[in-house]
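Encoded as structure tokens, the structure appears first; notes follow it.
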Amino acid sequence: MITQCDVLVIGGGGGGCSAALHLAQRGARVVLLERGLVGSQASGVNYGGVRQQGRHPAELPIARRSREIWGRLKDITGAEVEFVVTGHLKLARSLDEEAELVAYLDTAREHELPVKMIGRNAIHREYPWLGPAVVAGSFAPEDGSANPRLLAPALAHAARQAGAEIRENTKVVTYRHEAPLFMLQAEDGAEFRAPVLLNMAGFWGGSVAAAFAEPVPIRPLCPNMMVTEPVPYFIEPNLGVVGGNVYLRQIPRGNVIIGGGHGEYDALVPWSRPLPEVMLQTLESAVQLVPTLCGVQVIRSWSGIDGQMPDHIPVIGPSRTTPGLFHAFGFSGHGFQLGPAIGAIMSELVLDGRTDVPLDAFRIDRWQRAV
């Protein structure tokens, strides 16, 4: 059986489901193909930070646009994704790290991102539960967090309501382009055709790009994640550190979600899991930040597979080899917040031929251009 549509989307993460939604809302016939379940990899297994602070300057225009969409997400999807504005507190544990926070203030100011620097005395006065290892911090009041398990399913449901077709457990095994159509075949024999293909397949987006003669140096990234038993609620802001080796947040029912380091994986299965030794190192770092967490029990751990690029920013934009092909993958562990806006941007590239968001830094051929 052959299914024909206007746009095929590969990948059911937050960005892919958002693209299906935005395209369907504008009247395009969209089919999204996901090899597993929507949100089953990077979009659903991450920390849940809705963070703008600390991003690469090239990502900030996307993050700013996405933050506006996050504020309307419940109205857009009709679902609760547990988005809360808690602020993001980024911590320094040395004078050099403090200098990095100060330097970033200029970048934040350039992009009209509110960020406040907090010195040693003030930070321990405002957050008395922080440990002595913390010497300073910067606070972004507009940032927050959400439940990553809920985002992609909420966007997928809204996309279906708008007329998109979402096909889960559909692994694409062959890709062909015979102008003007892309021809894809799934493992179960189903065929799909469309003049436009959006490659939003996370780590596997590298394989899709390679099928169209655009190989990129992508590698798997598996976040080491865990959650504790409930304890009395006291950590309101979303916490990060300069260097990013530990991050944590507490949800209102008391559980503390902690991330840091990387797990192990087999991307062919796909399969991933956290590593106990990495978890112990991350817990030690968390207790240095928040000594009250000493002795709190971890009740669950998990991981998933994302795609990481050498420069830690994604590939976004049109193919340089194949008309009608557009890429958005390789978000390097920080694509959750960007997902809603990525979908809107991709819909604009497809339907309008342009977007107001600068994308040159994300070109897929940037490594070839650098040679």
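In the stretch 201-245, how many are outside any helix (DSSP H, G or I) and closer than 15 Å to Pro270 by Cβ? Outline the logic, then answer.
Applying the first criterion (outside any helix (DSSP H, G or I)) to the stretch 201-245 yields 201, 212-245.
Keeping just the survivors that are closer than 15 Å to Pro270 by Cβ gives 201, 218-223.
Number of matching residues: 7.
For the stretch 173-187, does any single residue satisfy the condition of being open to solvent by less than 20 Å² (accessible area, probe 1.4 Å) and within 24 Å of the chain's Cα centre (by Cα)? Spell out the reasoning first.
Of the residues in the stretch 173-187, the ones open to solvent by less than 20 Å² (accessible area, probe 1.4 Å) are 182, 184, 186.
Still in the running and within 24 Å of the chain's Cα centre (by Cα): none.
The answer is no; no qualifying residue exists.
Look at Tyr247 and say whether it is buried (at least 24 other Cβ atoms within 10 Å of the Cβ) and hydroxyl-bearing (Ser, Thr, Tyr). Before you say what the answer is, go through the steps one by one.
Values: buried (at least 24 other Cβ atoms within 10 Å of the Cβ): yes; hydroxyl-bearing (Ser, Thr, Tyr): yes.
Yes, satisfied.
Identify, please: which residue in the stretch 1-31 is of a type in the set (Gly, Ala, Ser) and in a loop (DSSP other than H, G, I, E, B) and is, among those, nearest to Leu197 (Cα to Cα)? Don't jump to the end; show me each part of the working.
Keep residues of the stretch 1-31 that are of a type in the set (Gly, Ala, Ser), which gives 11-16, 18-20, 24, 27-28.
Add one more test, that the residue is in a loop (DSSP other than H, G, I, E, B), and what stays is 11-13, 27-28.
Numbers: Gly11: 11, Gly12: 14, Gly13: 16, Gly27: 16, Ala28: 13 Å.
The residue in question is Gly11.
Exactly one condition in (1) at pLDDT 95 or above; (2) surrounded by 18 or more Cβ atoms within 10 Å (Cβ to Cβ) is not met by Asp311; state its number.
(2)
If I filter the stretch 278-297 for residues that are farther than 24 Å from Pro237 by Cβ and either at pLDDT below 95 or not aliphatic (A, V, I, L, M) (or both), do I get at least one hit? Step through it out loud before you land on a result.
Of all residues in the stretch 278-297, those farther than 24 Å from Pro237 by Cβ come to 278, 280.
From what's left, either at pLDDT below 95 or not aliphatic (A, V, I, L, M) (or both): none.
Looking for residues that are farther than 24 Å from Pro237 by Cβ and either at pLDDT below 95 or not aliphatic (A, V, I, L, M) (or both), one finds none in the stretch 278-297, hence no.
So the check is Cβ under 6 Å with 6+ separation or different chains; which pairs have a first residue in the stretch 69-82 that's under 16 Å from Ser145 (Cβ atoms) and a second one that's open to solvent by 50 Å² or more (accessible area, probe 1.4 Å)?
Going by the 6 Å Cβ cut-off, the qualifying pairs are Val81/Leu150.
Give me the strands (runs of 3 or more DSSP E) completely within the stretch 109-172, filtered to those with at least 2 residues that are crowded, with 21+ Cβ neighbours inside 10 Å and over 20 Å from the mean Cα position of the chain (by Cα), ordered by residue number.
Working: elements: 116-118, 136-140, 165-167.
Output list reads 136-140.
Specify the residue that is surrounded by the fewest Cβ atoms within 10 Å (Cβ to Cβ); the eligible residues are those in the stretch 275-292 that are farther than 24 Å from His334 by Cβ and touching a residue at least 40 places away in the same chain (Cβ under 8 Å).
Filtering first and then ranking leaves Pro291.
Please work out if Glu229 is acidic (Asp, Glu), on the phi < 0 side of the Ramachandran plot, surrounded by fewer than 22 Cβ atoms within 10 Å (Cβ to Cβ) and more than 21 Å from the chain's Cα centre (by Cα). Break it down into steps so the answer makes sense when it comes.
On the way: acidic (Asp, Glu): yes; on the phi < 0 side of the Ramachandran plot: yes; surrounded by fewer than 22 Cβ atoms within 10 Å (Cβ to Cβ): yes; more than 21 Å from the chain's Cα centre (by Cα): yes.
Considered against the rule, which asks whether it is acidic (Asp, Glu), on the phi < 0 side of the Ramachandran plot, surrounded by fewer than 22 Cβ atoms within 10 Å (Cβ to Cβ) and more than 21 Å from the chain's Cα centre (by Cα), Glu229 comes out as yes.
Within the stretch 77-94, can one find any residue that is hydrophobic (A, V, I, L, M, F, W, C), touching a Phe, Trp or Tyr at 6+ places or on another chain (Cβ under 8 Å), closer than 30 Å to Arg273 by Cα and assigned to a loop (DSSP other than H, G, I, E, B)? Step through it out loud before you land on a result.
Initially, the stretch 77-94 is screened for residues hydrophobic (A, V, I, L, M, F, W, C), giving 79, 81, 83-85, 89, 91-92.
When the remaining residues are screened for being touching a Phe, Trp or Tyr at 6+ places or on another chain (Cβ under 8 Å), the result is 83, 89.
Narrowing further to those that are closer than 30 Å to Arg273 by Cα: 83, 89.
Those left that are additionally assigned to a loop (DSSP other than H, G, I, E, B): 83.
Checked against the condition, which is being hydrophobic (A, V, I, L, M, F, W, C), touching a Phe, Trp or Tyr at 6+ places or on another chain (Cβ under 8 Å), closer than 30 Å to Arg273 by Cα and assigned to a loop (DSSP other than H, G, I, E, B), the stretch 77-94 yields at least one hit.
Can you confirm whether the stretch 32-44 contains a residue that is surrounded by fewer than 16 Cβ atoms within 10 Å (Cβ to Cβ) and under 27 Å from Arg167 (Cα atoms)?
Here is the first cut: in the stretch 32-44, the ones surrounded by fewer than 16 Cβ atoms within 10 Å (Cβ to Cβ) are 36-37.
Next, only the ones that are under 27 Å from Arg167 (Cα atoms) stay: 36-37.
For the stretch 32-44, residues surrounded by fewer than 16 Cβ atoms within 10 Å (Cβ to Cβ) and under 27 Å from Arg167 (Cα atoms): present.
The values are calculated or read from the model by the stated rules, or taken from the named source; none is laboratory data. Here the structure is a predicted model, which is why all the values come from computation and not from measurement. Quick reminder, even Gly has a Cβ in these numbers, built from the backbone with ideal geometry, and neighbours come from all protein chains shown. The accessibility values were calculated without ligands, DNA or RNA, using every heavy atom of the protein model including side chains. Shrake-Rupley method; radii C 1.70, N 1.55, O 1.52, S 1.80 Å.
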